[in-house]
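Trainee: My questions all concern the structure below.
The values are calculated or read from the model by the stated rules, or taken from the named source; none is laboratory data. As the structure is a computational prediction, the values presented were derived from the model and not from experiment. Positions of Cβ are generated from backbone atoms using ideal geometry, with glycine treated the same way; all protein chains shown enter the neighbour counts.
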Amino acid sequence: MSKPIRRLAAEETWREALPVRDAQTAWLDAARAEAHARFAELGLPTPRTENWRWSDIHRYLNAPYAPLAEAPLDNDVLQALLQSHLLGVADASVMVFVNGRFSQQHSRIMEEEGVEILALSEAPVAIDWADIAADADDAVDLLNMAHVTDGALIRVRAGVDASIPLLIVNVAAGAQGHSVALRHFIRVEEGAHFTLFEAQLGGGDMVASQITRAIVHDDASLTRVQVNERDEAAILLAALKAEVGAHGALHDTALLTGGRYTRQNTQVAFTGDHAEATANAAYLLRGRQHADTRLKVLHTQPHCTSRETFRCVMDEHARGAFQGLIHVFPGAAKTDGEMSAHGLLLGEDAEFDSKPELEIYHDDVVCAHGSAVGALDEQQLFYLRARGVPERTARAMLVAAFVGEVFDAVDDERVREALTAFAERWLADGTKASGEAA
Amino acid sequence: MLLEVKDLRVQVRPEDEEAEGAVKEILKGLSLAMNAGEVHAIMGPNGSGKSTLSHVLAGKPGYEVTAGEVLFDGEDILELEPEERAAKGLFLAMQYPVEIPGVAYMQFLKVAVNAQRELRGEEELSTPDFMRLVREKAQKLGISMDMLKRPVNVGFSGGEKKRMEVLQMAVLEPKLCVLDEIDSGLDIDALKVVADGVNALRDASRGFLVITHYQRLLNYIEPDFVHIMVNGRIVESGGKELALKLEREGYAAFQDAA
Amino acid sequence: MADQDTIRQVEELKKYKYGFETQVETEKAPKGLNEDIIRFISRKKDEPEWMLQWRLDAYHRWLQMEEPRWAKVHYEPIDYQDLHYYAAPKKKTIKSLDELDPEILKTYEKLGIPLREQEILAGVEGAPKVAVDAVFDSVSVATTFREELEKAGVIFCPISEAIKKHPELVKKYLGSVVPVNDNFFAALNSAVFTDGSFVYVPKGVRCPMELSTYFRINERNTGQFERTLIIVDEGGYVSYLEGCTAPMRDEHQLHAAVVELIALDDAEIKYSTVQNWYPGDEEGRGGVYNFVTKRADCRGRNSKVSWTQVETGSAITWKYPSCILRGDNSVGEFYSIAISNNAQQVDSGTKMLHLGKNTKSRIISKGISAGRSQNTYRGLVSIHKKATGARNFTQCDSLLIGEKCGAHTVPYIQVKTPHAKVEHEATTSKIAEEQLFYCRARGIPEEEAVALIVNGFVREVIQKLPMEFMAETQRLIGISLEGSVG
């Protein structure tokens, strides 16, 4: 009974568009062509693809969004964006990618012993330590590979406890109607530690595709904080694919509050024992925003621990979705996994969909998941009001408290405070904005 | 007159708003009057409507006032929001203080203090002044500052929750304190601590409405007046000796009056 | 090592207790499925023309459909043309139990139908009132207590009889909860179902007794396609018990039943199942494929449906007893115990669709996997926009015994209104070593200790079963877990 699925305008364009040819990164052409061919076979996910069941991609990719070649740059807009975003408070080296190209002019990379940072477009040939290959079964990854123009390559040498984090800013200004694709690769070698911030800014009606691949070696750790603050017309297809070695750690935090549609694919695979991973996210969505996360934690090794905490707030007509999987493989003894996905619905037309899944093939494990969906707690609200807190303030406090758990785990104090402060004023800002609009 | 309740009738709105015939009248013409500086106790059996009275005074949603009025300092407060009543100096110490994960006690108190000041047109308390105020009050009640760093009431024992209610009272300095079964779930030592805290706040400008099921509490917080409440009405009022009579004879003696 | 012992023991799990076959002469249709076979079934059942057309319509829809593949179960493709779709004992109707084939009575004995119920079957004075509509293969061969039920106005009869005697009820409700094209197996059932039970409880009537049906598959290569339809009119109540066992055999047996429940205003239905069909040998050979569609429509205000299931048998279970909570204030409940061992595969759960205001649902699922079995809970809680005041609570717990089994939890939660509250909790862990040790240190043999701990683990669900099933269930849990530890 399968009905043929209408191919999307964007998909048509992407199938037909030739992979980017860029003199600077000619060494990528073969990989681009291969990914393009494979994408043409696979096509984009459909609403019937289980991993995409709560992303009606038809509604979003209904314009051509041709890969961006060159864009007229509005420098004022760009400067305004770069000066006022949340992660801007971080004390870090900065790499700015404007419309899919590394911008030396806006970047500021501080030297640190044992830390190599360069842009993909700066590499004359393939870098032997950077494996940026795409997953042959992941259409979005392939598409990104086929049209990739730039990205960050980072290597932290063994034993280096890097003191300067890196902030990668992926900003679009004047890219309306187009798509851009970046691929980042980070390798944290044995016993090394690194912190990465990723900001998603600007946009207009465009598609930003970004894949971050991370390899964390034994005893090493990577901390990443990602914030999507793109404007309300932008579409973001983001992915993190990480491998974590023995006694290694990955700590990932995301705030999804911008964009018309955000799709986040996070996959963590353990490659050694006694490793740990946290993957947390807060959604603060309003209007007709839609954010959807597909999270997979692959417990392939014994004695690993994972924690996944999602706190999703949807106001007005916004829609949040979460599909999480803890997959325990045979032999992964003493796995400890805990996943929780809570939705807070503020708007009459808000929606939350959740699928916290456990797939377990070993008996010696302790795994749990929980999911709760509802409105603000009336008892708490009354308690606050009975102490004299005005209703609007009380609501804002409870919203901030709801997502607070996610930000509390962020180590960088300035970033944590910026995120917390943002959550505290988010509700009031929205009320103001709606008021002004009306 | 600090508080005047006149012929108050209150219904509970059923959970299913469309269900018919499920409306239940809880308060059936209750009247009460008290002056500043007085302590009034309301005693009644379970289901007499004691907690409903406290909730309606504080403006908890879910109740429908069908008749009567509540004058606070001469002003009808029934149309006011809960936060407006709080700012005017009405404080409800709850039987079951709510847990609010993610909101630190200190933050909660500071927002409450300043929101009330703002509603009254007063200036905001600076952070150092606020800290000083809280530290001083907390010390008197034997509350460690560590407790104030924790989320509101989360993981607190029954006694700790009640003590924190008294701390809030001390910090917010209300005109009228409604204590809703503040003795429930407390052992004798915890009860003494809470009662001492309350007694320390007694003065000529402040009134207390103490709601309880048991006479025991009134050994520690001595009332000026005692009211017996049965079936949504006050059936007998008197001095503190009335509580002792009740202790001897039980509620049954008063049931008929209802 | 204890683990190694466990595996060995699990692999040597005792032979299926109910593995025997009854020798009764049967009449069956030729293998295969086509319009002629459907006409043959309809003719055999002496059905009216509208029923035949309904079946043919379902058949044509089925031809267009694909077998579902989303469940976590794996099996060789089924050749639907290599099955018999009709088999009936030759001696078809009887007036009293004396006329019942002695072989069948003996079968009941071996099945362990309690003495009490045998007395009922024998018509002993003063026996508890439990009506047994015994289904032997595809045709009801005995129905008792019909008269007493009739006095109360309750209709309880084989569905083939209801089609003839109460066509207005059947026409109105059959396929109204599970449409013929709902899914592949439901469409197949709609085309070829041969028998099953029909219950109608009229307005304001509490059914005077528990209704119990024992199913039993008996014919080699015979698909069994039961069809059950239960309607409880305004203010009525019924408790329906269903239990089954099946004999050992080599080829897989397909079972694709459809159960439809309809609860009108203020009506309540309790539907309890103990499923203990042949699970196959240690390799899973010869076990029953249990592909069942069970769904309740809480059509009326304040209606309530409770599903309670104990699933211990079958090689493959594919089953999601669900509730459509259409009426305001309606309540749906799902209490489940699913035990899998050896090569068994279970993919079971429920759907709670909240459409009406203030609808409530509660899901308690307890999965126990041992051996190399795979046990999946799959559930959906969907709160529609208009379902303000809706509440759901879900608790899914899985227990693993032995390191080669799998336990999976796949919950879907969709909420489209802020005026609802949904809570879902799930845990997965192995059987607690400390608890086992504690029991053994007090002198309880390990196997008994496991049964004890597991019975504690599933207690909340067992308590939801009618009295008649509690003992049988506890016995079943013991049997299912025998040999699962060293």
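Trainee: Which of the residues spanning the range A:336-371 are facing chain C (nearest Cβ under 7 Å) and acidic (Asp, Glu)?
Mentor: Listed by number, the residues that qualify are A:Glu348, A:Glu351, A:Asp353, A:Glu357, A:Glu359, A:Asp363, A:Asp364.
Trainee: Oh, and also: Quick check: anything in the range A:372-380 buried (at least 22 other Cβ atoms within 10 Å of the Cβ) and more than 7 Å from chain B (Cβ to nearest Cβ)?
Mentor: There is at least one residue in the range A:372-380 that is buried (at least 22 other Cβ atoms within 10 Å of the Cβ) and more than 7 Å from chain B (Cβ to nearest Cβ).
Trainee: Another question, if that's okay. If only one of A:Glu189, A:Glu232 is in contact with a Lys or Arg (Cβ under 8 Å, 6 or more places away or on another chain) and in contact (Cβ under 8 Å) with a residue 40 or more places away in the chain, which one is it?
Mentor: So the residue among A:Glu189, A:Glu232 that is in contact with a Lys or Arg (Cβ under 8 Å, 6 or more places away or on another chain) and in contact (Cβ under 8 Å) with a residue 40 or more places away in the chain is A:Glu232.
Trainee: Select from the range B:49-75 the residues that are part of a helix (DSSP H, G or I) and either away from every other protein chain (no Cβ under 11 Å) or among the small types (Gly, Ala, Ser) (or both) and list them in ascending order.
Mentor: B:Lys50, B:Ser51, B:Thr52, B:Leu53, B:Ser54, B:Val56, B:Ala58
Trainee: Suppose the filter is modelled with pLDDT of 90 or more and buried (at least 18 other Cβ atoms within 10 Å of the Cβ); does B:Lys137 pass it?
Mentor: yes
Trainee: At least 3 residues that are of a type in the set (A, V, I, L, M) and under 24 Å from C:Glu433 (Cα atoms) in each: list the strands (runs of 3 or more DSSP E) lying fully within the range A:303-398 that qualify.
Mentor: A:365-374
Trainee: Starting from residues that are part of a loop (DSSP other than H, G, I, E, B) and more than 9 Å from chain A (Cβ to nearest Cβ), keep the ones in the range B:76-87 and report whichever is surrounded by the fewest Cβ atoms within 10 Å (Cβ to Cβ).
Mentor: Among those residues, the one meeting the criterion is B:Glu79.
Trainee: If you don't mind, another one. Condition first: part of a strand (DSSP E or B) and either touching a His at 6+ places or on another chain (Cβ under 7 Å) or closer than 23 Å to C:Arg69 by Cα (or both). Now tell me which residues in the range C:348-360 satisfy that.
Mentor: Across the range C:348-360, the qualifying residues are C:Ser348, C:Lys351, C:Met352, C:Leu353, C:His354.
Trainee: Taking the options A:Ala423, A:Ala341, A:Ala386, name whichever one is surrounded by 20 or more Cβ atoms within 10 Å (Cβ to Cβ), in contact with a Pro (Cβ under 6 Å, 6 or more places away or on another chain) and farther than 30 Å from B:Leu90 by Cα.
Mentor: Of A:Ala423, A:Ala341, A:Ala386, the one residue that is surrounded by 20 or more Cβ atoms within 10 Å (Cβ to Cβ), in contact with a Pro (Cβ under 6 Å, 6 or more places away or on another chain) and farther than 30 Å from B:Leu90 by Cα is A:Ala341.
Trainee: Something else: Quickly run through the range A:253-271 and pick out the residues that are in contact (Cβ under 8 Å) with a residue 60 or more places away in the chain and either touching a Gly at 6+ places or on another chain (Cβ under 6 Å) or of a type in the set (D, E, K, R) (or both).
Mentor: A:Arg260, A:Arg263
Trainee: Continuing with this model, one more query. Would you be able to say whether some residue in the range C:41-48 is part of a loop (DSSP other than H, G, I, E, B), under 19 Å from C:Asn181 (Cα atoms) and at pLDDT 90 or above? I'd like the intermediate steps shown before the answer.
Mentor: The first filter runs over the range C:41-48 and keeps only residues part of a loop (DSSP other than H, G, I, E, B), leaving C:45-48.
Retained after the next criterion (residues that are under 19 Å from C:Asn181 (Cα atoms)): none.
So far as the range C:41-48 goes, no, none of its residues is part of a loop (DSSP other than H, G, I, E, B), under 19 Å from C:Asn181 (Cα atoms) and at pLDDT 90 or above.
Trainee: Considering only residues of the range A:244-260 that are buried (at least 22 other Cβ atoms within 10 Å of the Cβ) and of a type outside the set (Gly, Ala, Ser), which is farthest from the chain's Cα centre (by Cα)? First the steps, then the outcome.
Mentor: Restricting attention to the range A:244-260, the residues satisfying the condition of being buried (at least 22 other Cβ atoms within 10 Å of the Cβ) are A:244-245, A:248, A:250, A:252-259.
Retained after the next criterion (residues that are of a type outside the set (Gly, Ala, Ser)): A:244, A:250, A:252-253, A:255-257.
Details: A:Val244: 18, A:Leu250: 14, A:Asp252: 9, A:Thr253: 9, A:Leu255: 8, A:Leu256: 8, A:Thr257: 11 Å.
Among those residues, the one meeting the criterion is A:Val244.
Trainee: Test each condition in (1) touching a helix residue (DSSP H, G or I) at 6+ places or on another chain (Cβ under 9 Å); (2) free of Cβ contacts under 8 Å to residues at least 40 places away in the same chain; (3) under 30 Å from C:Ser382 (Cα atoms) for A:Gly374 and report the one that comes out false.
Mentor: In the conditions (1) touching a helix residue (DSSP H, G or I) at 6+ places or on another chain (Cβ under 9 Å); (2) free of Cβ contacts under 8 Å to residues at least 40 places away in the same chain; (3) under 30 Å from C:Ser382 (Cα atoms), A:Gly374 misses (1) alone.
Trainee: Next up: Taking C:Thr417 as the residue in question, decide whether it is within 14 Å of another protein chain (Cβ to nearest Cβ) and assigned to a strand (DSSP E or B).
Mentor: Against the criterion (within 14 Å of another protein chain (Cβ to nearest Cβ) and assigned to a strand (DSSP E or B)), C:Thr417 does not qualify.
Trainee: Find the residue count for the range B:227-258, including only residues that are touching an Asp or Glu at 6+ places or on another chain (Cβ under 8 Å) and either closer than 18 Å to B:Ser51 by Cβ or of a type in the set (Lys, Arg) (or both).
Mentor: 4
Trainee: Look at A:Ala239 and say whether it is over 29 Å from A:Tyr60 (Cβ atoms), surrounded by fewer than 22 Cβ atoms within 10 Å (Cβ to Cβ) and outside the structural domain of A:Thr420 (by TED's automatic domain parsing).
Mentor: Details: over 29 Å from A:Tyr60 (Cβ atoms): no; surrounded by fewer than 22 Cβ atoms within 10 Å (Cβ to Cβ): yes; outside the structural domain of A:Thr420 (by TED's automatic domain parsing): yes.
Answer is no for this residue.
Trainee: Another question about this same structure. For the range B:210-258, enumerate the residues that are out of contact with any Leu (no Cβ under 7 Å at 6 or more places or on another chain), among the aliphatic types (A, V, I, L, M) and assigned to a strand (DSSP E or B).
Mentor: B:Met229, B:Val230, B:Val235
Trainee: Check C:Thr388, C:Thr376 and return the single one that is facing another protein chain (nearest Cβ under 10 Å) and in a strand (DSSP E or B). Please lay out each step first, then the result.
Mentor: Values: C:Thr388 fails: in a strand (DSSP E or B).
It is C:Thr376.
Trainee: Evaluate the range A:2-12: report whether one residue or more is under 25 Å from the mean Cα position of the chain (by Cα), of a type outside the set (Asp, Glu), outside any loop (DSSP other than H, G, I, E, B) and at pLDDT below 75.
Mentor: There is at least one residue in the range A:2-12 that is under 25 Å from the mean Cα position of the chain (by Cα), of a type outside the set (Asp, Glu), outside any loop (DSSP other than H, G, I, E, B) and at pLDDT below 75.
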